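Chemist: Sending over a structure as structure tokens; questions will come in a sec.
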Amino acid sequence: MILRNKVFRCGSDIGSVRHVLGDILQYLVKALPGQSPEDLDDVRLIFNELINNAVEHGNAFDGGKLVRISVSVEGNKLAAYVEDEGKGFDYMAVLAAIDAGAGQDGETGRGIKLVRAIADEVTFNGDGNKVGFFKTLGK
């Protein structure tokens, strides 16, 4: 199996998010040939949620801060990390609230809940400013 790694950087504005999403998807189409449109849509949705969260909540749209996205592909397995330059957040509290069904009609934790439903695994660093996800495509 061939392991491929790629790092992307994104400014903290919506235009940069759209641009980097396009770049990531182009890379994945080449690195993971033959994937179904559904799998690629799932991956696009995950990246969209995580990068937008990093730009909005992590970096607070601060133009001086970047979001770093690292993507690794091995066979049909995808591992990715999205890291912002913000102070982080109490992801344990948000995960507990999601698991308890709190705030189902609100926006808090909506993106994380969605990512957890689509990805095989989701991880956070201690500060909460770096989230990783793992997904096997073409199951």
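Chemist: Any residue at all in the range 76-85 that is out of contact with any Gly (no Cβ under 7 Å at 6 or more places or on another chain) and modelled with pLDDT under 95?
Modeler: yes
Chemist: Any residue in the range 68-75 that is among the hydroxyl-bearing types (Ser, Thr, Tyr) and under 25 Å from residue 32 (Cα atoms)?
Modeler: The answer is yes; a qualifying residue exists.
Residue-by-condition table, conditions (1) assigned to a helix (DSSP H, G or I); (2) aliphatic (A, V, I, L, M); (3) closer than 25 Å to residue 59 by Cα:
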| site | (1), (2), (3) |
| --- | --- |
| 8 | no, no, yes |
| 17 | yes, yes, yes |
| 25 | yes, yes, yes |
| 28 | yes, yes, no |
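Chemist: Anything in the range 1-36 that is touching a helix residue (DSSP H, G or I) at 6+ places or on another chain (Cβ under 6 Å) and among the basic types (Lys, Arg)? List them, or say none.
Modeler: Answer for the range 1-36, where residues must be touching a helix residue (DSSP H, G or I) at 6+ places or on another chain (Cβ under 6 Å) and among the basic types (Lys, Arg): 4, 6.
Chemist: Where in the range 36-139 are there strands (runs of 3 or more DSSP E), lying fully within it, with 1 or more residues that are under 26 Å from residue 15 (Cβ atoms) and free of Cβ contacts under 8 Å to residues at least 60 places away in the same chain?
Modeler: It comes to 66-74, 77-83, 130-136.
Here's the yes/no breakdown for (1) surrounded by 19 or more Cβ atoms within 10 Å (Cβ to Cβ); (2) out of contact with any strand residue (DSSP E or B) (no Cβ under 6 Å at 6 or more places or on another chain); (3) under 15 Å from residue 131 (Cβ atoms):
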residue	(1), (2), (3)
29	no, yes, no
41	no, yes, no
50	yes, no, yes
56	no, yes, yes
60	no, yes, no
67	yes, no, yes
71	yes, no, yes
77	no, no, no
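The values are calculated or read from the model by the stated rules, or taken from the named source; none is laboratory data. The structure displayed is predicted, hence computed values, not measured ones. Don't worry about glycine lacking a Cβ; one is built from the backbone with ideal geometry, like all the others, and counts go over all protein chains shown.
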